[in-house]
Each structure stands twice: as structure tokens, then as C-alpha cells.
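Right, one structure below, let's go through it.
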Amino acid sequence: MVRLEQITKKNYLYCMKLKLPKNQQDLVASNAFSLAQAGFHPECTPYGIYKEKTMVGFLMHCIDEDDNNHWVWRLMIDQNHQGKGYAFEAMKLLINLIKEDETRDRILISFVPGNKAAENLYKKLGFVHTGRYVDDERIMQLKY
């Protein structure tokens with residue numbers, strides 16, 4: 001259904017054109033900010049989420065320098081492509097990719113409290129609350 005493709009100089013402009021609806025813009029950092037972060041954090045890998053040849057979303061995965069765990073730092077689906085299951089499918093692909101790393105046993109993700117769509121998505125994927133927060137965001141984890 002969807003595929004992940006690393007963001008490179010060939011596709012970063014498409015990534016920067018992706019937009020969230022106004023009511024979601026405070027829930028996820030902009031793709032421009034995320035790509036800047038990835039430039040300064042070589043442990044991060046940014047991906048475009050594609051449906052056929054169209055980039056419909058953005059995902060960024062990192063191995064955190066502080067706790068040495070896999071983290072999903074960003075997940076967003078463009079406002080014109082939401083509600084089609086792309087976030088769920090992209091996260092399943094990323095989870096399977098991460099599980100190939102046998103040196104670690106968990107994936108962590110955080111979200112703004114009150115973002116029920118994100119929380120429900122992560123629960124559907126098997127993530128559970130840790131009771132911890134980072135930068136005022138709730139942390140969930142998936143052990144594998």
C-alpha cells in the first residue's frame with residue numbers, strides 16, 4: 001500500500017511542501033525543522049511516506065544518543081491524504097525495519113497530550129504508555 005523512501009536532495013522539496021491542517025500544526029514540528037534537525041543529528045533518518053509515486057507524509061527515526069533506544073521523532077501525513085491508513089501502514093513498515101536491529105529491544109515515541117488520533121494509532125500498533133514525559137509530551141513504547 002505505502003512505502004518508505006529516505007529523504008535526499010532529490011525529494012526534500014516535496015517533503016517541505018507537505019502540510020498539516022491548521023488545527024494540527026501545534027502537534028508536530030514542521031518538516032523543514034525536522035530536516036534541519038536531521039542535518040545536525042546524523043543518528044536520525046528521515047523518510048518520505050509514498051503512495052505509489054506521491055509523497056503523502058513524513059517520518060523520522062533516530063537512535064537516541066542519551067538512552068541508545070530507537071525513537072520515532074516525527075510522523076505526519078499531509079492534510080490532503082489523511083484518513084486513508086497511510087500513517088498506520090508507514091509505522092508498520094518502520095517497526096519491521098527497526099526490528100531487524102537485534103541489539104535493542106524497544107521503540108519509543110512521544111506525542112502531545114490530548115492528541116487522541118496519535119495516541120489511538122500508537123495503541124493500535126501495540127505501543128503502551130510508560131508514564132514518562134519528555135518536553136511535556138507523553139512517551140509510549142513498543143517492546144519487541
Exercise. Consider Gln79 against the criteria (1) under 12 Å from the mean Cα position of the chain (by Cα); (2) farther than 28 Å from Lys143 by Cα: it satisfies all of them except one. Which criterion is unmet?
Worked result: (1)
Problem set entry | Residue check, Ala32 touching a Pro at 6+ places or on another chain (Cβ under 9 Å) and either outside any loop (DSSP other than H, G, I, E, B) or farther than 28 Å from Tyr133 by Cβ (or both) | no
Exercise. Are any of the residues in region 126-144 of a type in the set (A, V, I, L, M, F, W, C), surrounded by fewer than 15 Cβ atoms within 10 Å (Cβ to Cβ) and under 23 Å from Asn31 (Cβ atoms)?
Worked result: yes
Seminar exercise, completed: Going through (1) of a type in the set (Asp, Glu); (2) within 14 Å of the chain's Cα centre (by Cα); (3) surrounded by fewer than 18 Cβ atoms within 10 Å (Cβ to Cβ) one by one, Asp101 fails only at (2)
Exercise. Quick one: would you say Ile107 is under 17 Å from Leu59 (Cβ atoms) and without any contact (Cβ under 8 Å) to a residue 60 or more places away in the chain?
Worked result: yes
For this session: Kindly indicate the residue of region 89-120 that is among the charged types (D, E, K, R) and not in a loop (DSSP other than H, G, I, E, B) and also nearest to Gln24 (Cα to Cα) among those meeting that condition.
Result: Lys116
For this session: Answer yes or no: is there a residue in region 77-95 that is hydrophobic (A, V, I, L, M, F, W, C), touching a Gly at 6+ places or on another chain (Cβ under 6 Å), crowded, with 21+ Cβ neighbours inside 10 Å and at pLDDT 95 or above.
Result: yes
Exercise. Regarding Asn11, is this residue surrounded by fewer than 20 Cβ atoms within 10 Å (Cβ to Cβ), of a type in the set (S, T, N, Q), free of Cβ contacts under 8 Å to residues at least 60 places away in the same chain and within 24 Å of Ile139 (Cβ to Cβ)?
Worked result: no
For this session: May I ask you to list the residues in region 1-28 that are part of a loop (DSSP other than H, G, I, E, B), modelled with pLDDT of 95 or more and in contact with a strand residue (DSSP E or B) (Cβ under 7 Å, 6 or more places away or on another chain)?
Result: Val2, Ile7, Asn11, Leu18, Leu20
Exercise. Has region 48-65 got at least one residue that is exposed (fewer than 12 other Cβ atoms within 10 Å of the Cβ), within 24 Å of Thr103 (Cα to Cα) and either in contact with a helix residue (DSSP H, G or I) (Cβ under 8 Å, 6 or more places away or on another chain) or modelled with pLDDT under 95 (or both)?
Worked result: yes
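The values are calculated or read from the model by the stated rules, or taken from the named source; none is laboratory data. Bear in mind the structure is a predicted one, so any value in this text is a computation, not a measurement. Neighbour counts run over all protein chains shown; Cβ positions are idealised from the backbone, glycine included.
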